[in-house]
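A short write-up of the structure that comes next.
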Amino acid sequence: MPQHSSQSRLLPRCLASAFCSLLLGVLPLPAQQSAPPLVLSGAGGIALGIGSAELFDGYRQATGLRANEFSVPLVASAGVAVALGSIRVGAECGYFRAESREQGAPPSSTATQLDEHLQLQLLPVVLALEWEPWQQQFRTYLSAGAGATFARFQWNERVWSSGTLVRDGSNADETVTVPALRLGVGTQLFFDEESRSAVRGGLTIAMQYLVSPVRVAALRYYARLYDRPQWNSTITVGGSGLLLTVGVRFWLGRP
């Protein structure tokens, strides 16, 4: 009887021990399934051809001055993505500010001096997809993205007549949100291709084309001055152009 009682007490202990061993053996399984690497990126560069002929044609007609394009703006961008083999899916955000500043006298009135300042700020935000056809130390990738651009166009003017400031004001100041599409190609170079560490870094060089035309009523102020009702309509002031960037990337997580 004592022996049977001892065995009956031992059985629950064995079952409890077996359950704990099974639980400890199963719990690590999800942890062993590592999450895909997270990719953080940042880049800087320049944008080419951001202005529009429609804007500067109207600008020259309205002011009599000669500017025909924005200056080349600097571009800054940042992104986060998840690496799924040769494909990366994520989101990217950029910012750049294109400006044109010109001073001069219109041919119709040499006693008048104008100071014209045009500025276009763009903040494109896109969901991006990248694909690497070949995975070597130098990795070429193709990219595409779609999203929206938050834009602000400003046109400020100062007018002097015979040396006296007669106007200091805004001709246009509009904020709009427009669709954005982006296509590109790039190359990335790992600092150490053989590294299997949880954190890796690399350099990137990319060329992208952003399609994001911004339309505002930029010439509305001059429509009243020159009795040109067609200038009350919206025109394209820019927003599409070629982006050339150099940047860095960090992979967080083992490949």
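List of remarks:
- The one condition from (1) surrounded by 15 or more Cβ atoms within 10 Å (Cβ to Cβ); (2) over 17 Å from ALA47 (Cα atoms) that LEU120 does not meet is (2).
- Search result, residues across region 152-192 that are closer than 30 Å to TRP134 by Cβ and basic (Lys, Arg): ARG182
- Against the test of being out of contact with any helix residue (DSSP H, G or I) (no Cβ under 9 Å at 6 or more places or on another chain), closer than 17 Å to GLY90 by Cβ and without any contact (Cβ under 8 Å) to a residue 60 or more places away in the chain, the options GLY247, GLY184 yield a single qualifying residue, GLY184.
- Among the criteria (1) surrounded by 13 or more Cβ atoms within 10 Å (Cβ to Cβ); (2) within 24 Å of LEU210 (Cβ to Cβ), the one GLU157 does not fulfil is (2).
- Number of residues in region 49-73 that are hydrophobic (A, V, I, L, M, F, W, C) and either in contact with a Pro (Cβ under 6 Å, 6 or more places away or on another chain) or loosely packed, with under 14 Cβ neighbours inside 10 Å (or both): the value is 1.
- Residue list for region 163-214, restricted to those being closer than 30 Å to PHE153 by Cα and in a loop (DSSP other than H, G, I, E, B): GLY163, SER212, PRO213
- Test: VAL39 is of a type outside the set (Phe, Trp, Tyr), at pLDDT 50 or above and either within 29 Å of ASN232 (Cα to Cα) or in a helix (DSSP H, G or I) (or both): no
- When region 225-255 is filtered for residues that are hydroxyl-bearing (Ser, Thr, Tyr) and surrounded by fewer than 16 Cβ atoms within 10 Å (Cβ to Cβ), the ones remaining, listed by number, are TYR226, SER233, THR234.
- Of all residues in region 167-224, those being small (Gly, Ala, Ser) and surrounded by fewer than 16 Cβ atoms within 10 Å (Cβ to Cβ) number 6.
The values are calculated or read from the model by the stated rules, or taken from the named source; none is laboratory data. Remember, predicted model here, so these are calculated numbers, not experimental data. Positions of Cβ are backbone-derived with ideal geometry, glycine not excepted, and every protein chain shown enters the neighbour counts.
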